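Structure, as structure tokens:
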Amino acid sequence: MIKRVILDVDTGIDDMVATIMAAKSESLKIEGVIATAGNQPLTKTMNNTLSVCQQLQLDVPVFAGAAAPLVKKPHCAPHIHGEDGLGGVVFPPLEKKGETLHGVLFLIETIRANPHEITVIATGPLTDIALAFSIAPDIIGLIDSLVIMGGALKGGNVTSHAEFNFFYDGEAAQIVLSSGAPVVLVPLDVTSRVRISEDRLKRYEQVENQVIRMMCTSLRFYQKAYAHNGLEDPIIHDAVCIAYAIDPRMFSGNLMDVSVTCSYDEWYGNLKAADSINSSVFVTTGIDTARFFRLFDDLLL
Ligand code: BDR
Ligand code: CA
């Protein structure tokens, strides 16, 4: 069965990889893409999202979402994704235009018009989803599922207790996770198992295809940025959510009660989680990495 999806992204190198995977999959039908602020300010993530869709010849509407977190100041990630957010890829002039309707309203309208049909895949901060749930709480019961890249069961990648998307907008993450919506959470612990090795990157660099070339230019930058920051092979976090939407059987996990710390101290953005069969949040805890890369290569190469 084909899954109808809305992507909410802060494009971002790994968001770009996620968008490529989603666009190439025949199991997913992308209804629209919303760009939100996160890895870079909204003007850049919106331009990046439009450029990636144009490069993919992906004929779907692109909307601008939230320009800032609900409460705190923005905190972008140029040291990982570059000043442009995509590691310096040079795109052809941008012809694709963004829609005038706000992304949050698109989300509300589409879910209302297609009850129990729409899966939302959120790979940036959760500001848009939190706003949509606050403006139109009826959609919480109408969404088919919400797959989220965010949080960490152990540790973090921005502070020692917080992952980037939850740290960027902890209040939004807490609103969404406590909403009762059917959530699948893909935390850092799982995404960290999906890294692009030097051998793999070299193999992709041999492929004669414009989209793969764009991806490889970004991934080369990403690899250097990781190394420069003392990190191992780069992680394509957001692509893991797309794999979940296509083939959830490659994952293991449990229903958990979850919350996100919003106190303004060193714990801000921290995910707290404990097993609970009564929760609406399924937290993935494992992935078959070989199976992920089989899917990835089948879609892209
Ligand atoms: C998340 O943060 C962003 O920098 C990535 O795009 C990903 O969504 C990983 O913590
Ligand atoms: Ca992202």
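Quick note: the coordinates plus some simple rules give every number you see, no bench work behind them. It should be emphasised that the depicted structure is a prediction, and the values quoted were computed from it without experimental measurement. Every residue, glycine among them, receives a Cβ derived from its backbone with ideal geometry; neighbour counts consider all protein chains shown.
Remarks
- Hypothetical label at Ala67: residues of segment 1-37 whose amide nitrogen lies under 17 Å (7 Å Cα-Cβ projection): 35-37
- A Förster radius of 30 Å, combined with the Cβ-Cβ distance separating Arg4 from Val90, puts the computed FRET efficiency at roughly 0.35.
- Antiparallel DSSP beta bridges within the chain, percent to nearest 5: 30 percent
- Over 31 Å between alpha carbons, listed pairs Lys73/Lys224; Lys3/Lys96; Lys24/Lys272; Lys29/Lys72; Lys44/Lys202: Lys24/Lys272; Lys29/Lys72
- A Förster radius of 30 Å, combined with the Cβ-Cβ distance separating Asn254 from Val60, puts the computed FRET efficiency at roughly 0.35.
- For Arg213, net neighbour charge (Lys/Arg +1, Asp/Glu -1) across residues whose Cβ lies under 14 Å away: +1
- For the pair segment 24-67 and segment 206-243, the centres of their Cα atoms are 18 angstrom apart.
- Sequence-distant residues sharing a close amide H with Leu28 (under 5 Å, placed H): Lys3
- Close amide H partners of Ile287, meaning residues 5 or more places away or on another chain with modelled amide H under 5 Å apart, are Ser252.
- Close amide H partners of Ser276, meaning residues 5 or more places away or on another chain with modelled amide H under 5 Å apart, are Leu255, Met256, Asp257.
- Additional length obtainable on full extension of the chain from Val207 to Glu266, 0.36 nm per residue less Cα span: 16.8 nm
- Gyration tensor verdict on segment 3-300 (Cα atoms; rounded if a/c is under 1.5, prolate if a/b is larger than b/c, oblate otherwise): rounded
- The overall shape of segment 61-167 is oblate: from the C-alpha gyration tensor, with semi-axes ordered a ≥ b ≥ c, the ratio a/c is 1.5 or greater and a/b is no larger than b/c.
- Using 0.36 nm per residue and subtracting the Cα-Cα separation, the extra length available between Asp297 and His102 on full extension is 66.7 nm.
- Straight-line cross-link partners of Lys97 among the aspartates and glutamates, defined as a Cα under 12 Å from its Cα and at least 8 positions apart when in the same chain: Asp59.
- Note on Ser178/Thr289: beta-carbon distance plugged into 1/(1 + (r/R0)^6) with R0 of 41 Å gives a FRET efficiency of 0.85.
- 18 Å reach of a label modelled at Ala113, 7 Å along Cα-to-Cβ, counting backbone N of segment 17-61: 29-35, 59-61
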